[in-house]
1. List the trypsin sites (Lys or Arg not before Pro) in the stretch 314-344 that DSSP assigns to loop (not H, G, I, E or B) and whose Cβ has at most 10 other Cβ atoms within 10 Å. Which are they?
2. Rounded to the nearest 20 Debye, what is the dipole magnitude of the chain about its Cα centre when Lys and Arg each give +1 and Asp and Glu each give -1 at the C-beta?
3. Can you return the lysines within cross-link range of LYS180? Criterion is Cα-Cα under 22 Å, with same-chain partners fewer than 8 residues away left out.
4. If contacts are Cα pairs under 8 angstrom and at least 6 residues apart, what is the relative contact order of the chain in percent?
5. Where the only charges are on Cβ atoms (+1 Lys, Arg; -1 Asp, Glu), what is the dipole of the stretch 340-431 about its Cα centre, to the nearest 20 debye?
6. Could you tell me which label, among [x] 24.0, 88; [y] 27.1, 81; [z] 22.5, 74, carries the value of Rg and Dmax of the Cα atoms in Å calculated for this structure?
7. Any idea what the relative contact order of the stretch 140-285 is, in percent, if you count C-alpha pairs under 8 Å spaced at least 6 apart?
8. Mind checking the stretch 364-442 for chymotrypsin sites (Phe, Trp or Tyr not before Pro) that DSSP puts in a loop (not H, G, I, E or B) and that have at most 15 other Cβ atoms within 10 Å?
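Just so you know, all these numbers are worked out from the coordinates, no wet-lab data involved. As the structure is a computational prediction, the values presented were derived from the model and not from experiment. Here the Cβ is made from the backbone with ideal geometry for all residues, glycine too, and neighbour counts use every protein chain on show.
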Amino acid sequence: MARAQPVIVWFRDDLRLSDHPALHEAASRGVPVVGLYVRDEESRALMPPAVRRLGGATRWWLAQSLRALRKSLEAIGGTLVLRTGPAASVIATLARETDARAVLWNDVAQAPHQAVGRDVEAALATDGIDSQIFAGDLLVDPKVIRNKDNRALRVFTPFWRRVQGLGDPPEPLPPPRKLKSISGVVSEALDDWGLEPTRPDWAGGLRESWTPGEAAAQAQLKAFLDDSISGYAGNRDRPDRDGTSRLSPHLRFGEISPRQVWHAARFVAAEHPRLAGDIDKFLSELGWREFCRHLLFDAPDMADRNLQEQFDAFPWKRDAHALKAWQRGLTGYPIVDAGMRELWHTGVMHNRVRMVVASFLVKHLLIDWRAGEAWFWDTLVDADAGSNPANWQWVAGSGADAAPYFRVFNPILQGEKFDPDGAYVRRWVPELAQLPNDLIHQPWTATPIELASAGIELGKTYPPPIVDHKRGRERALAAYATIRGKD
């Protein structure tokens, strides 16, 4: 009796079983399913713009997420095959090895990923193997929301209004209860991929801070909506409080889908009308992710190119010393340094502080936003190809829906307003922990006696400000004035 021809499900940025359209369809066919993840670091070199190589923190997360996915698949009778090489060649080869009848995958609405997908389709078609592609990355297809010039909307508020006007996205799909598999399919060993650091092993803080995987993502969403959504609209701006959802890296790797988040939040809003304002604010953050992905659909080189061309003439400064001080959290501004140290240790940074540290680099130091974007790309576990460059360009003023050029965050006032008791700074900049609240965000104003009683020696145990705020602001405004009105 001939063996049933299997179906291959190609996992990409969708490392989950639930609300996975391609896997759902494969399971419904009643034939064996081969789960596949391809580490493709070759196809990206063949096309501009390229699929970005993962940074160090996201490589660590990917390793944990693949382990969790394999465990989940095996629990329902499935398997996960790991292969390295150009996706088109790898997938066509596996299809021939297994005599697969079809390959199914969820689309990634980004130009380089879609180009790889087209190559896969072509390679399979040569062998007479069917391909089927599903939407699973976004709430709304980018082709649906366009302006009169058939371009993506560049302002968030009308964009989000359009998304909401379309109504609820489809209900999430359930995970398959049982899969059939086939034996004898060779898989590479995840440990051989070298995704995790060894010498030195800098990932201790990541392991301490996170549990990657679909189960953890679902648990985090439930805990947030049960315990933390009340007051979210205000608490999300306070780095001294546990007020954010912490879902961003799970969304980045597709361990949970946007429509799962949407429907779970809408259910809570229906059950508890008093939370409607907080829910709306939370979903608008999901909307910002969507907005950035739609921008990326139209501008796939957004990490390299200013969306507003007049910024090509901006007089950026080259200052390796200042950049290094910023990266290490040694700028002399406590709220900035706390954020940069939180990033290095945990792989994330509080959303309010991200804006402050980005503004400081771009405006106080006049360092090109691309240098900051590259550092975040390497150190964030939630480094997203859309949100990361879009957010940096928003702060710089070169992007869509950009902040006005004259808005220069005052790191002292930002610290005093959003970390009024200094708890966030004390956690991440412990050398300042003994300073009183009225000095902790500007230690250089303390008297010698106050510094000594707190165990601080400016210039030795903690640096003085790398740039004076007033002078930095004036210099930034002068630099921005040089490009105003340029097209």
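1. On the way: sites: LYS317, ARG318, LYS324, ARG328, ARG341; in loops: LYS317, ARG318.
Passing both the DSSP loop test and the Cβ count: ARG318.
2. On the way: 61 positive and 62 negative charges, 101 e Å.
The dipole magnitude comes to about 480 debye.
3. Qualifying lysines at Cα under 22 Å: LYS71.
4. Relative contact order of the chain: 17 percent.
5. So the dipole magnitude of the stretch 340-431 works out to roughly 200 debye.
6. Structure-derived value, by its label: [x].
7. Values: 84 pairs, mean separation 32.5, N = 146.
Relative contact order of the stretch 140-285: 22 percent.
8. Passing sites in the stretch 364-442 are PHE406.
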